[in-house]
Amino acid sequence: MDLIRLGKQCVGESLKALDSASEKIIKFKGSSRNVQIDADLIAEKVIIDILEKSEMNMLVNSEEQGITKIGKDPEIEVYIDPLDGSSYFTTGNKRLCSTAIMFVKE
């Protein structure tokens, strides 16, 4: 699977999951503006599930859960922020929220 198509699938499915996700704050991460909410974890799980199903060897670094190794010998590094703008999401202002994914392959 090509990485652009995989990235689009990850972002698209995570945004669908965010439509029904809770705005409940789980914890503050350093300041009152940097929060983790249920939606962060839901979107992250969707993305990691899709990456695992791709059967590609990856090292995933996520803002929420840290590092996840997929496959035997990772050839690709993946950086994800499943919900950028969590504090806005909690107020219902979803226009300032996004999902970010970056693939690095040497």
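Each reported figure results from applying straightforward, stated rules to the coordinates on display, with no laboratory input. Keep in mind that this is a model prediction, so the values were computed, not measured. Positions of Cβ are generated from backbone atoms using ideal geometry, with glycine treated the same way; all protein chains shown enter the neighbour counts.
Label point of Ile67 set 7 angstrom out along Cα-Cβ; within the stretch 88-106, amide nitrogens under 16 Å from it belong to 104. Taking Lys and Arg as +1 and Asp and Glu as -1, the other residues whose beta-carbon sits under 11 Å from that of Glu52 total +1. Each peptide in 39-47, 66-74, 2-10 gets a packing score, the mean of other Cβ atoms within 10 Å over its residues, and the list from highest to lowest is 39-47, 2-10, 66-74.
Once the Cα-Cα distance is subtracted from the 0.36 nm per residue extended length, the Lys105 to Glu77 segment shows a gain of 9.4 nm.
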